[in-house]
Amino acid sequence: MAKIEVCFTPDTYGVYSNNEHIVVVTDILRATSAISTALHHGAKEIIPVSTIEEARAYKKKGYLVGAERNAVQLEEFDFGNSPYSYMNDDIKGKSIVLTTTNGTRAIDLAKNSYQVVIGAFTNFDAVVDYLAASGRDILILCSGWKGRYNLEDTIYGGAITQALERKGVLTEIEDSALSAMYLYEMGMDDPYKFLMNSSHRRRLKNLNLKEDIRYCLSLNRTDVIPIYKDGKLIPLRELQLMDKK
């Protein structure tokens, strides 16, 4: 049995920080959706870095690198943070370095927690089942937009809260999670429509990325659960195999 909270922006993470939490980092549009997609399509691991300078250093060493700022791929790198960029055979077995405007910053902030899980609608049921079985307190860390609140990450936190409540595994739903759940319940029948006027939805639409939006709001495209371990994101099943050795 567990408690759940939602941290709405990385700038307030210090209020919630607890080394015993499982922290679910989410950046629905689009970093955590892309990470889950890349591992589903065979990438060996994702190495999240906070700065473009770090990404360049890895690029010079021969790594494949994804880099995005302000929702736009940086031209000198191999990928941005569109999930569609990672749906090809070229990434199988490869280590991919990733830096994004918001998501990789949130991962870095949470890295010293008990465990960091990467959450998206695209791996929703797998993450819910894992959290339900863990018995640990849970913090949903919304990546937001440059320190600001955003709607899509918040409703994801609400969706997770609702799903865990229905499983009967929560002893406490703190106000942050309760408000996120109420918000999700307002838009759960059609999240795409509900987010129509949200700020990041408008940014991506202006960049002709409507298909990215639809993909990132779709449920259960994969059962891969990315877990942060020693500076890398690897599938949970790989971590479990390592632990058995």
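Computed from the coordinates by the stated procedures, all read-outs in this text should not be read as laboratory data. For clarity, every value in this text was computed on a predicted model and none was experimentally measured. Virtual Cβ from ideal backbone geometry, glycine too; neighbours counted across all protein chains shown.
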*Kirkwood Rh in Å, taken over the chain so that all alpha-carbon pairs contribute*: 17.7 Å
*Toward the positive end of the charge dipole of segment 2-244, about the Cα centre and with charges on Cβ (Lys, Arg +1; Asp, Glu -1), which of Leu236, Gly62, Ser198 goes farthest?*
Gly62
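Given Lys61/Lys232; Lys59/Lys146; Lys59/Lys111; Lys94/Lys244; Lys59/Lys92; Lys111/Lys232, which pairs have Cα atoms separated by over 20 Å? Spell out each step's value before the answer.
Numbers: Lys61/Lys232 17 Å; Lys59/Lys146 25 Å; Lys59/Lys111 23 Å; Lys94/Lys244 23 Å; Lys59/Lys92 18 Å; Lys111/Lys232 10 Å.
Listed pairs above 20 Å: Lys59/Lys146; Lys59/Lys111; Lys94/Lys244.
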*Rounded to the nearest 20 Debye, what is the dipole magnitude of the chain about its Cα centre when Lys and Arg each give +1 and Asp and Glu each give -1 at the C-beta?*
640 debye
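Could you pull out the chymotrypsin sites (Phe, Trp or Tyr not before Pro) across segment 106-215 that fall in loop regions by DSSP (anything but H, G, I, E, B) with no more than 15 other Cβ atoms inside 10 Å?
Numbers: sites: Tyr114, Phe121, Phe124, Tyr130, Trp145, Tyr149, Tyr156, Tyr182, Tyr184, Tyr192, Phe194, Tyr215; in loops: Tyr114, Tyr149.
Those that pass, being in a loop and sparsely packed, are Tyr114, Tyr149.
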*For the chain, which longest stretch is free of loop sites, where a loop site is one of the GluC sites (Glu not before Pro) that DSSP puts outside H, G, I, E and B and that has at most 10 other Cβ atoms within 10 Å?*
76-245
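Suppose a student asked you for the relative contact order of the chain, using Cα pairs under 8 Å spaced at least 6 residues apart; what percent would you report? Intermediate values should be presented prior to the final figure.
Numbers: 505 pairs, mean separation 80.6, N = 245.
Relative contact order of the chain: 33 percent.
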_Give the separation of the Cα centroids, segment 120-149 to segment 59-82, in Å._
25 Å
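Can you sort His40, His21 by how many other beta carbons sit within 10 Å, fewest first? Spell out each step's value before the answer.
Values: His40 19, His21 24.
Ordered by Cβ neighbours within 10 Å, fewest first: His40, His21.
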